[in-house]
Amino acid sequence: MAWKIARLNRDDTLGIETVSRWTFDAWGGLHPHTTFEEWRNETRNDCGAKGVPSIFVAMSAGKPIATGSLTVSDMSIRPAMGPWLASVFVLPAWRGRGIASALVATVEAEAREAGCRRLHLYTPDQMALYARLGWVPSESLTYRGERVTLMHRNL
């Protein structure tokens, strides 16, 4: 089955609900004082027309199957760093098909078009994927109780 990547629109209530649920379930535990409603509102606010911030969704047969975003800030202990590649998530049944790589490339292109010269990300376990895509490890640290690798990519 084929898939394509589209920009998530602020008016796409179902898309925002879906992406918010995926990302909250995956990473909400790192933000114990944030409710799902607050998370959903932040997701909606990150749906920019172009540039930073933007959220992208991979779709198949009209249904979302994956997401990735370009955001101003994603690590509270590094407030001067940005923008960030964040929230790359692919439904388990769709993994291993190059969707995450395509989402990363889409976010990189969006950042480049917006005049960004460098992107950042952090990950607990996907360093090999990002390194294969040209990302460079910057630092290993504990963030919100989780061991993560901070990475960057010059655009």
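Coordinate-derived values only; no laboratory data. None of the values given here were measured: they were computed from a predicted structure. Cβ placement follows ideal geometry from the backbone for every residue including glycine, while neighbour counts extend to all protein chains displayed.
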Q | Neighbourhood net charge (14 Å Cβ-Cβ; Lys/Arg +1, Asp/Glu -1) for L91 | A | +3
Q) When the helices in the chain are scored as -39500 (n - 2.57) per DSSP H run of 4 or longer and the sum is shared across all residues, what 222 nm value do you end up with, to the nearest 500 deg cm²/dmol? A) -9000 deg cm²/dmol
**Q.** Span-like helix ranges in the chain, DSSP H, alpha carbon extent 24 angstrom or more, Kyte mean at least 0.0
**A.** none
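Pull out the extension gain between A61 and M127, defined as 0.36 nm times the separation in residues minus the alpha carbon to alpha carbon distance; nm, one decimal.
Numbers: separation 66, 0.36 × 66 = 23.76 nm, distance 3.05 nm.
Extra length from A61 to M127 when fully extended: 20.7 nm.
What order do you get for 140-148, 56-64 when each peptide is scored by the mean count of other beta carbon atoms within 10 Å, highest first?
Sorting 140-148, 56-64 by mean packing, highest first, produces 56-64, 140-148.
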Q | Dipole magnitude (debye, nearest 20) for segment 4-116, charges at Cβ of Lys, Arg, Asp, Glu | A | 340 debye
Q) Which of the following values of Rg and Dmax of the Cα atoms in Å was calculated from the structure shown: [x] 19.0, 61; [y] 14.6, 41; [z] 15.3, 45? A) [y]
Q.
Taking the number of other C-beta atoms within 10 Å as the exposure measure, put R44, R10, R112 in order starting with the fewest.
A. R112, R10, R44
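Can you give the net charge of the other residues whose Cβ lies under 13 Å from the Cβ of I65, counting K and R as +1 and D and E as -1?
Details: positive: K4, K63, R95, R97; negative: none.
Cβ neighbours under 13 Å give a net charge of +4.
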Q. Using the Cβ atoms and a cut-off under 11 Å, what net charge is assigned to the surroundings of G134, where Lys and Arg are +1 and Asp and Glu are -1?
A. +1
Q: For the chain, set up a Gaussian network in which alpha carbons nearer than 10 Å are linked by springs, and say which option among A80, A102, A49 fluctuates the most.
A: A80
